[in-house]
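K.L.:
Handing you a structure now.
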Amino acid sequence: MRVLGIETSCDETGVAVYDSQAGLLAHTLYSQVAVHADYGGVVPELASRDHVRKLLPLIRQTLADANCTGEQIDGIAYTAGPGLVGALMVGGAVGRSLAYAWNIPAIGVHHMEGHLLAPMLETEPPDFPFVALLVSGGHTQLVAVAGIGRYEILGESLDDAAGEAFDKAAKMLDLDYPGGPEIARLAERGDPDRFRFPRPMTDRPGLDFSFSGLKTFTLNTVAEHRGDAVLPDEQTVADIACAFQEAVVDTLVIKCRRALDQTGMKTLVIAGGVSANRRLRNKLEAALARQGARVYYARNEFCTDNGAMIAYAGCQRLLAGQHDDLAIRAIPRWPMDTLPPLGNPDAPKQ
Ligand code: AMP
Ligand code: ZN
């Protein structure tokens, strides 16, 4: 089965063609970062308008890159939620309409399920069951995954998502949006011993997260060290970025180990934009090796939003016979544990 995947839930327009036999045939991504740069965050109306401008040309280009025509597509998968409603409507309207025109099934995919399954696109994919740490700009969740659609939320953030915390801390340090990669880059030059930031909610049991206190701590540290200037000196900014990253990474590592202990599982999957963070990957790899467990993640370009993960997730559901009716689906808030399960999780992957 050959599936066209469309992602438009936030500020990236992503398109891909995934073939259940041949694998990923092509994928393209257009980032709106420059559109939103002056505003320090995503402006929903601008996001929708830019998806309208970019989506059809990207679909044409991706089909050409995959060396196939519309007639060779067997199904369409588009992100139906969660996300910005206007942005979702663009991908949903285009995806559903193309499916109608080509007389093929369409399915609305859960964006976080897409992230969660993105490591399946790699040459050495993880086997079920596993614990997934979903860390993106909008979500921070620990999920026990028994198979596709068989999700139990073990813990989640009570306030800011991990990626959001990176973005807000970056703003305090006058770094560009998105802030995660900027903090990671600066942290390499920082002194890890100069500041010690709190590891929130790690001293009590449970698998929930909270990053808002860390944000306040960062703000106070910046204020204490800037004197009469707008910002502290360059080295102090790097030291703060380093301390902040260490605190987030340690907090995530502690909770991941706890989730593996609690479930008795030996496989951890990390997904979402923050899973591109090298320090997080390295610390998890070291910590998990000590308990005989292993961590899996997607290549960097499939950690952040992309069409390939949507094409893959949609293909698995379409192969199992699931598809939507003619309605265009846009579900801004959509709990992942309400998704329907997918047959036998032990069946061989296609
Ligand atoms: P997503 O919502 O999955 O598209 O991921 C975007 C989020 O991931 C943003 O909040 C980014 O700041 C964050 N992010 C991307 N790369 C990194 C990185 N290397 N380290 C930390 N956060 C990152
Ligand atoms: Zn995302």
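The values are calculated or read from the model by the stated rules, or taken from the named source; none is laboratory data. These numbers were taken from a predicted model, which means no experiment stands behind them. Every residue, glycine as well, gets a Cβ built from its backbone with ideal geometry; the counts of neighbours run over all protein chains shown. Quick note on the areas: whole protein, heavy atoms, side chains included, nothing else; ligands and nucleic acids left out. Shrake-Rupley method; radii C 1.70, N 1.55, O 1.52, S 1.80 Å.
K.L.:
Here are some residues: 45, 12, 71. Which one is open to solvent by 10 Å² or more (accessible area, probe 1.4 Å), under 19 Å from residue 302 (Cα atoms) and of a type outside the set (A, V, I, L, M)?
P.N.:
Sole residue among the options that is open to solvent by 10 Å² or more (accessible area, probe 1.4 Å), under 19 Å from residue 302 (Cα atoms) and of a type outside the set (A, V, I, L, M): 12.
Conditions tested, residue by residue: (1) modelled with pLDDT under 95; (2) in contact with a Gly (Cβ under 9 Å, 6 or more places away or on another chain); (3) open to solvent by 40 Å² or more (accessible area, probe 1.4 Å); (4) part of a helix (DSSP H, G or I).
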| residue | (1), (2), (3), (4) |
| --- | --- |
| 194 | no, no, yes, no |
| 207 | no, yes, no, no |
| 217 | no, no, yes, yes |
| 220 | no, no, yes, yes |
| 223 | no, no, yes, yes |
| 230 | yes, no, yes, no |
| 235 | no, yes, yes, yes |
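Residues are listed down the side, and each one gets a yes or a no for (1) open to solvent by less than 10 Å² (accessible area, probe 1.4 Å); (2) over 21 Å from the mean Cα position of the chain (by Cα):
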position: 239; (1), (2): yes, yes
position: 255; (1), (2): yes, no
position: 313; (1), (2): yes, no
position: 316; (1), (2): no, no
position: 322; (1), (2): no, yes
position: 332; (1), (2): no, no
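K.L.:
Of everything in segment 122-156, what is part of a strand (DSSP E or B), more than 16 Å from ligand 1 (Cβ to nearest atom) and among the acidic types (Asp, Glu)? Give them in sequence order.
P.N.:
152
K.L.:
Is it the case that residue 288 is in a helix (DSSP H, G or I), within 16 Å of ligand 1 (Cβ to nearest atom) and of a type in the set (A, V, I, L, M, F, W, C)?
P.N.:
Against the criterion (in a helix (DSSP H, G or I), within 16 Å of ligand 1 (Cβ to nearest atom) and of a type in the set (A, V, I, L, M, F, W, C)), residue 288 does not qualify.
K.L.:
Among the candidates 326, 342, 288, single out the residue that is open to solvent by less than 40 Å² (accessible area, probe 1.4 Å) and in contact (Cβ under 8 Å) with a residue 60 or more places away in the chain.
P.N.:
Selected residue: 342, the only one of 326, 342, 288 that is open to solvent by less than 40 Å² (accessible area, probe 1.4 Å) and in contact (Cβ under 8 Å) with a residue 60 or more places away in the chain.
K.L.:
Which residues, taken from segment 291-302, are within 16 Å of ligand 2 (Cβ to nearest atom) and either touching a strand residue (DSSP E or B) at 6+ places or on another chain (Cβ under 7 Å) or open to solvent by 10 Å² or more (accessible area, probe 1.4 Å) (or both)?
P.N.:
Scanning segment 291-302 gives 297, 298, 299, 300, 301.
K.L.:
Restricting the search to segment 98-116, which residues are more than 20 Å from residue 340 (Cβ to Cβ) and crowded, with 19+ Cβ neighbours inside 10 Å?
P.N.:
98, 104
K.L.:
Could you check how many residues of segment 80-97 are open to solvent by 20 Å² or more (accessible area, probe 1.4 Å) and either under 26 Å from residue 296 (Cβ atoms) or at pLDDT below 95 (or both)?
P.N.:
Summing the residues that are open to solvent by 20 Å² or more (accessible area, probe 1.4 Å) and either under 26 Å from residue 296 (Cβ atoms) or at pLDDT below 95 (or both) in segment 80-97 gives 1.
K.L.:
Next question. Suppose the filter is closer than 17 Å to residue 145 by Cβ and under 26 Å from the mean Cα position of the chain (by Cα); does residue 283 pass it?
P.N.:
Taking the combined requirement at face value, the residue does not satisfy it.
K.L.:
Another one. Can you tell which of 119, 181 is within 16 Å of ligand 1 (Cβ to nearest atom), part of a helix (DSSP H, G or I) and open to solvent by 10 Å² or more (accessible area, probe 1.4 Å)?
P.N.:
Being within 16 Å of ligand 1 (Cβ to nearest atom), part of a helix (DSSP H, G or I) and open to solvent by 10 Å² or more (accessible area, probe 1.4 Å) holds for just one of 119, 181, which is 181.
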